[in-house]
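Participant: Before I ask anything, let me first share the structure, which is written out below as structure tokens.
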Amino acid sequence: MTNRKPRVLATRHFPPDVEARLSANFDAVLNPDDRLFEGPALAKASDGCDAIMCAAGDPLNAETIARLSGSIRMIATFSVGYEHVDVAAAAKRKIAVSNTPDVLTDATADIAMLCLLGAARRAHEGTTMLRTHHWVGWSPTQLMGVHVTGKRLGILGMGRIGQAMADRARAFRMTIHYTNRSRLPPELEKGALFHPDADAMLPHCDFLSINAPLTPATRKWVNAERIARLPKGAVVINTARGGVVDDDALIAALKGGHLAAAGLDVFDGEPRIHPGYYGLENAFLLPHMGSATVETRNAMGFKALDNLEAFLLRGQSPPDLVRVSS
Ligand code: 8YV
């Protein structure tokens, strides 16, 4: 028996405090230049490792997982979303997978509210006007946007982040509608109106916030037909995953005027986003910043480490084990 520390590959350059703990407790293989790994290179880099600490966007699909060396026992993703990890393929190879729920709920809901307000109140056009020296002064009709207070907000996916978004919207006296796999108990629902049929909720949404994970069932869920069911002048907010939206349909509705605006923090195929977004004045766009606060990114890293330490150092089940969905 040797006392060697388990070896963990960090696929990304993580926050300094996170890497310090990773290096203290494990034989850490770091990525200080934050090079992005393609699948085969990732598999090669993890040769001889016991675990991989990865992030959203890393290609831990079935093909990469099939190439991983037999020494890999765990994949801990530095994210709550885990659509980039083929959990079933990992389970077949007896590789445990963990994620980081809870700790990024507030930061992501804050960004969702920022997207809602930024889109409704034409923040992109306002800051651009000012910074490009095109502001000639206040005028009674300048940059009139969509009023927020008192409007109806529909939430697709009332999990932790959807509920936190609802809490923020209540401060704006918004009426909350939601659709979810199951209805929430009254103490979590807090008076929000449940729609068992998601499509039936859409005509009630002045604002639609997407807070559902990307799954085969939600891929391109926001399509042309569903956008047409939203009231004219509605605003769409997405802080979940870009793949939930059909970009061509959203861009057409933003150009054609059926939608007043969109506030987007996530994009299909990011960072190579649909080129149609760049020129759209009524799209308030952020580069996937939902969890980007020092406190949150540290908490995500510490949670990933809690899981790695439980499994690799203490032989316990990771507290945030991701199970294969049925
Ligand atoms: C993360 C996210 O920052 O945790 C998630 O699922 O979407 C982000 O906020 C990112 O995925 C890091 O891996």
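Participant: Quick one: His177 ticks every box in (1) within 14 Å of Leu114 (Cα to Cα); (2) part of a strand (DSSP E or B) bar one, so which box is it?
Facilitator: With (1) within 14 Å of Leu114 (Cα to Cα); (2) part of a strand (DSSP E or B) applied to His177, the lone miss is (1).
Participant: Do the conditions hold for Phe207, that is, is it within 18 Å of Val146 (Cβ to Cβ) and aromatic (Phe, Trp, Tyr)? I'd like the intermediate steps shown before the answer.
Facilitator: On the way: within 18 Å of Val146 (Cβ to Cβ): yes; aromatic (Phe, Trp, Tyr): yes.
The answer is yes for Phe207.
Participant: Give all pairs with beta carbons closer than 7 Å in which a residue from the range 276-291 that is within 11 Å of the ligand (Cβ to nearest atom) meets a residue that is hydroxyl-bearing (Ser, Thr, Tyr); count only pairs at least 6 apart in sequence or on separate chains.
Facilitator: Matching pairs, first to second residue: Gly290/Thr108; Gly290/Thr239; Ser291/Thr108.
Participant: How about the range 40-55: which of its residues are without any contact (Cβ under 8 Å) to a residue 60 or more places away in the chain and in contact with a strand residue (DSSP E or B) (Cβ under 8 Å, 6 or more places away or on another chain)? First the steps, then the outcome.
Facilitator: Filtering the range 40-55 for residues without any contact (Cβ under 8 Å) to a residue 60 or more places away in the chain gives 40-49, 52, 54-55.
Answer for the range 40-55, where residues must be without any contact (Cβ under 8 Å) to a residue 60 or more places away in the chain and in contact with a strand residue (DSSP E or B) (Cβ under 8 Å, 6 or more places away or on another chain): Leu42, Ala45, Ser46, Gly48, Cys49, Ile52, Cys54, Ala55.
Participant: Quick one: is Ala109 touching a residue at least 40 places away in the same chain (Cβ under 8 Å) and outside any strand (DSSP E or B)? Lay out the reasoning, then the answer.
Facilitator: Values: touching a residue at least 40 places away in the same chain (Cβ under 8 Å): yes; outside any strand (DSSP E or B): yes.
Yes; evaluated as a whole, the condition is true for this residue.
Participant: Moving on. Taking the range 88-105, which residues are under 22 Å from the mean Cα position of the chain (by Cα), away from the ligand (no atom under 12 Å from the Cβ) and either assigned by TED's automatic domain parsing to the domain that holds Arg241 or exposed (fewer than 15 other Cβ atoms within 10 Å of the Cβ) (or both)?
Facilitator: Scanning the range 88-105 gives a single hit, Ala88.
Table: residues versus (1) within 20 Å of Thr293 (Cβ to Cβ); (2) in the same structural domain as Phe267 (by TED's automatic domain parsing); (3) hydrophobic (A, V, I, L, M, F, W, C).
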{"residue": "Asp27", "(1), (2), (3)": "no, no, no"}
{"residue": "Pro59", "(1), (2), (3)": "no, no, no"}
{"residue": "Tyr82", "(1), (2), (3)": "no, no, no"}
{"residue": "Val85", "(1), (2), (3)": "no, no, yes"}
{"residue": "Ala109", "(1), (2), (3)": "yes, yes, yes"}
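Participant: Right, next: If you check Leu184 against the conditions, is it more than 19 Å from the chain's Cα centre (by Cα), in a helix (DSSP H, G or I), surrounded by 14 or more Cβ atoms within 10 Å (Cβ to Cβ) and modelled with pLDDT of 95 or more?
Facilitator: On the way: more than 19 Å from the chain's Cα centre (by Cα): yes; in a helix (DSSP H, G or I): no; surrounded by 14 or more Cβ atoms within 10 Å (Cβ to Cβ): yes; modelled with pLDDT of 95 or more: yes.
So Leu184 fails the test.
Participant: Could you list, in sequence order, all residues of the range 92-106 that are part of a helix (DSSP H, G or I) and not basic (Lys, Arg)? Steps first, please.
Facilitator: Filtering the range 92-106 down to residues part of a helix (DSSP H, G or I) leaves 92, 105-106.
Those that are part of a helix (DSSP H, G or I) and not basic (Lys, Arg): Thr105, Asp106.
Participant: Same structure, new question: Being within 15 Å of the ligand (Cβ to nearest atom) and without any contact (Cβ under 8 Å) to a residue 40 or more places away in the chain is the filter here; which residues of the range 260-272 pass it?
Facilitator: Here is the first cut: in the range 260-272, the residues within 15 Å of the ligand (Cβ to nearest atom) are 264-271.
Of everything in the range 260-272, those that are within 15 Å of the ligand (Cβ to nearest atom) and without any contact (Cβ under 8 Å) to a residue 40 or more places away in the chain turn out to be Val266, Phe267, Asp268, Gly269, Pro271.
Participant: Can I ask one more? Taking the condition touching a residue at least 40 places away in the same chain (Cβ under 8 Å), closer than 19 Å to Pro6 by Cα and more than 10 Å from the ligand (Cβ to nearest atom), does Val85 pass? Reasoning before the result, please.
Facilitator: Details: touching a residue at least 40 places away in the same chain (Cβ under 8 Å): yes; closer than 19 Å to Pro6 by Cα: no; more than 10 Å from the ligand (Cβ to nearest atom): yes.
The answer is no for Val85.
The values are calculated or read from the model by the stated rules, or taken from the named source; none is laboratory data. A quick note: this is a predicted structure, and the numbers were derived from the prediction, not measured. Using ideal geometry, Cβ is built from the backbone for each residue, glycine included, and neighbour counts are taken over all protein chains shown.
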